[in-house]
Amino acid sequence: MSTSYNLSSLLEDSARKYPDRDAVVINDTRLTYAQLNAFANMCANLLVDRGVRPGDKVAISCPNLPFFSVVYFGILKAGATVVPLNVLLKGREVAYHLNDSDAKAYFCFEGTPELPIGQNGYEGFQAAEGCESFFVITADLGAASPIEGTETMAGAMLAHPAEFESVATDEDDTAVILYTSGTTGQPKGAELRHRNMRDNALSSEALFGATEDRPDTYLCVLPLFHSFGQTVCQNGPFAYGGTIVMLPRFEPNAALQLMLKEGITFFAGVPTMYWELLGALEEGVDVTALKENLRVAVSGGSALPVEVHKDFERRFGVTILEGYGLSETSPVASFSKYGEPARVGSIGLPIPGVEMKLIDPEWGDIEPGPDAIGEIAIKGHNVMKGYYQRPEATAEVIRDGWFRSGDLARKDDDGWYYIVDRAKEMIIRNGFNVYPREIEEVLMSHPDVSLAAVIGVPHEMHGEEIKAFVILNPSAQVTADELVGWAKEQMASYKYPRIVEIVTSLPMTATGKILKRELS
């Protein structure tokens, strides 16, 4: 057993090699690797002092701020498991995640009037059963907690030493639990080992040409609580001594200005971000300096439109590398090859140490051929341990080390994969996974709703938008707009349907299954 397996070693090794190099930048604040590592040590000491032991779960709700990295690596140093939560979750959703993960402590950002993370988080903490400690992360380290009766992270953490000997962990110990959902609509926690996350971060060398001798400067706009941002925009950069420039909320003009100011060399985003960056260029931004600095552009989360791909390469002088992965695969499973001509529409080849193949519904291998379509199955160092405390759900998706993705694809003669369709009904809105069943169940909890069916409809900006078809109870008077407003109060903002259509019937099979393919 060695601490080298602990994911925290990514930060510790760079802090030892490059103590004075900037690790995280936000606005005018710059934290060196030595400073970031010291703060993470304080956090680890705090957790141990509050009774957190190796293997315990600790949750965090925080946007892209240095606090996220401090707490993330502090939890890992203590030998505990990180449970990152979406900052858009409402109180009841937070409570579910805290209970389901058996979280023992919870760090929550105070939020803003527009995004009351802190209040929602505290409501969830109070409703949770076994979570013992709640810490408010304040933007101003010297500020008092805005929530009466709670303590701040800074007040509790800064009283502890800046030295800590990280707990030795085995490569199979759980480092992170990332929540996803299945067809049941109930969020499930994907248990990712230290090796899963560490090896996925270290793949940056082969995938993007990352090297300690030429550290990249990353613009971090993907949410760090999400697997894509966590591995590609945090863990990968720290593994190679890179600098992360954080932008808590993506706004194209602000992103372009930061790219110019900080000399950004690496940008990762979902397709809509690239679309918005191109739109912002129409306002007269000089791209000369951008083209001189930008070395790598990465896209994932949903299919990148061909025209956006071509236009970005023409305007920015960089070919976007498309990839594919899931929370259950840490997340990167395949990527386009750095330095080679783009194959527009392809998700690339399996990354080093990972295998992919196409299977049928019964787990049988699909014979290769130009017209052969099957479900992607993945095997390798990136595949999760399983869903936390859900052996039956785990057995449904993992067999003999192979994880079935639920996504249909084809493979060309060179082994490059192309997504054809989703076997599941998952909707991807702005890069966020949205599961119809969960939304349908919430809608049907409304007293006036009898039945609901939710689908994704094409949207120019978001990729897909969420649309609900609703059958009302007799004598119900609620309007479609009122249902949208009600749903907004019940669910995170990326989940609730912006479009509600009240209908008198839904197309169904003889067995009573709703034919969603006939809805639009």
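The values are calculated or read from the model by the stated rules, or taken from the named source; none is laboratory data. Computed from a predicted model, the values in this text were never measured in an experiment. Every residue, glycine as well, gets a Cβ built from its backbone with ideal geometry; the counts of neighbours run over all protein chains shown.
Inspect all residues belonging to the range 504-520 and state whether any of them is without any contact (Cβ under 8 Å) to a residue 60 or more places away in the chain, of a type in the set (S, T, N, Q) and surrounded by 11 or more Cβ atoms within 10 Å (Cβ to Cβ). The answer is no, given that none of the residues of the range 504-520 is without any contact (Cβ under 8 Å) to a residue 60 or more places away in the chain, of a type in the set (S, T, N, Q) and surrounded by 11 or more Cβ atoms within 10 Å (Cβ to Cβ). When GLU148, GLU165 are checked against the criterion of being at pLDDT 95 or above, assigned to a loop (DSSP other than H, G, I, E, B) and over 22 Å from GLY229 (Cα atoms), a single residue qualifies: GLU165.
Which one of these does PRO248 not meet: (1) out of contact with any helix residue (DSSP H, G or I) (no Cβ under 8 Å at 6 or more places or on another chain); (2) modelled with pLDDT of 90 or more; (3) more than 22 Å from TYR18 (Cβ to Cβ); (4) part of a helix (DSSP H, G or I)? Tallying (1) out of contact with any helix residue (DSSP H, G or I) (no Cβ under 8 Å at 6 or more places or on another chain); (2) modelled with pLDDT of 90 or more; (3) more than 22 Å from TYR18 (Cβ to Cβ); (4) part of a helix (DSSP H, G or I), PRO248 fails exactly one: (4). In the range 45-93, of all residues being among the acidic types (Asp, Glu) and either in contact (Cβ under 8 Å) with a residue 60 or more places away in the chain or within 28 Å of VAL442 (Cα to Cα) (or both), the one that is surrounded by the most Cβ atoms within 10 Å (Cβ to Cβ) corresponds to GLU93. Scanning the range 351-382 for residues that are part of a strand (DSSP E or B), more than 15 Å from TRP416 (Cα to Cα) and either of a type in the set (Phe, Trp, Tyr) or touching a Leu at 6+ places or on another chain (Cβ under 8 Å) (or both) returns a single hit, ASP365. Could you please let me know if ASN64 is in a helix (DSSP H, G or I) and in the same structural domain as PHE164 (by TED's automatic domain parsing)? So ASN64 does not fit the description; no. Scanning the range 400-407 for any residue that is at positive phi, out of contact with any Lys or Arg (no Cβ under 7 Å at 6 or more places or on another chain) and part of a strand (DSSP E or B) turns up nothing.
Flag not set for GLY51, criterion: under 24 Å from the mean Cα position of the chain (by Cα), part of a loop (DSSP other than H, G, I, E, B) and on the phi > 0 side of the Ramachandran plot. In summary, LEU472 fulfils each of the numbered conditions (1) surrounded by fewer than 16 Cβ atoms within 10 Å (Cβ to Cβ); (2) without any contact (Cβ under 8 Å) to a residue 60 or more places away in the chain; (3) more than 30 Å from ALA280 (Cα to Cα); (4) not hydroxyl-bearing (Ser, Thr, Tyr) with the single exception of condition (1).
Among the numbered conditions (1) at pLDDT below 95; (2) farther than 19 Å from GLY339 by Cα, the only one that GLY209 does not meet is (2). When GLY189, GLY155 are screened for being small (Gly, Ala, Ser), assigned to a strand (DSSP E or B) and modelled with pLDDT of 95 or more, only GLY189 passes.
With respect to the conditions (1) under 28 Å from PHE250 (Cβ atoms); (2) assigned by TED's automatic domain parsing to the domain that holds ALA103, PRO161 lacks only one, and its number is (1).
The set of residues in the range 89-113 being among the charged types (D, E, K, R) and either touching an Asp or Glu at 6+ places or on another chain (Cβ under 6 Å) or not in a helix (DSSP H, G or I) (or both) consists of LYS90, ASP102, LYS104, GLU110. When ALA487 is tested against (1) out of contact with any Asp or Glu (no Cβ under 7 Å at 6 or more places or on another chain); (2) farther than 22 Å from ARG429 by Cβ, only condition (2) is not met. In the range 415-426, the condition of being within 29 Å of MET273 (Cβ to Cβ), over 26 Å from the mean Cα position of the chain (by Cα) and surrounded by fewer than 15 Cβ atoms within 10 Å (Cβ to Cβ) is met by at least one residue. Scan the range 403-446 residue by residue and report those that are among the hydroxyl-bearing types (Ser, Thr, Tyr) and modelled with pLDDT under 80. Selection gives TYR435 alone. Selection of the range 367-406 for residues being within 16 Å of ALA333 (Cα to Cα), charged (D, E, K, R) and free of Cβ contacts under 8 Å to residues at least 40 places away in the same chain yields only LYS379.
Filtered by the rule that a residue be part of a helix (DSSP H, G or I), out of contact with any Pro (no Cβ under 7 Å at 6 or more places or on another chain) and not hydrophobic (A, V, I, L, M, F, W, C), the range 251-281 gives PRO252, ASN253, GLN257, LYS261, GLU262, THR272, TYR274. Checked against (1) part of a loop (DSSP other than H, G, I, E, B); (2) crowded, with 23+ Cβ neighbours inside 10 Å, ALA143 passes all but condition (2).
You will find that of THR152, THR169, THR138, THR174, the residue that is among the hydroxyl-bearing types (Ser, Thr, Tyr), crowded, with 16+ Cβ neighbours inside 10 Å and under 26 Å from PHE432 (Cβ atoms) is THR174 and no other. Scanning the range 446-496 for residues that are under 30 Å from TYR274 (Cα atoms), in a loop (DSSP other than H, G, I, E, B) and of a type in the set (A, V, I, L, M) gives MET461, MET491, ALA492. Scanning the range 261-307 for residues that are modelled with pLDDT under 95, within 29 Å of ARG214 (Cα to Cα) and among the aliphatic types (A, V, I, L, M) yields VAL270, MET273, LEU277, LEU278, LEU281, VAL285, VAL287, ALA289, LEU290, LEU304. Filtering GLU460, GLU465 for residues that are surrounded by 13 or more Cβ atoms within 10 Å (Cβ to Cβ) and of a type in the set (Asp, Glu) leaves a single hit, GLU465.
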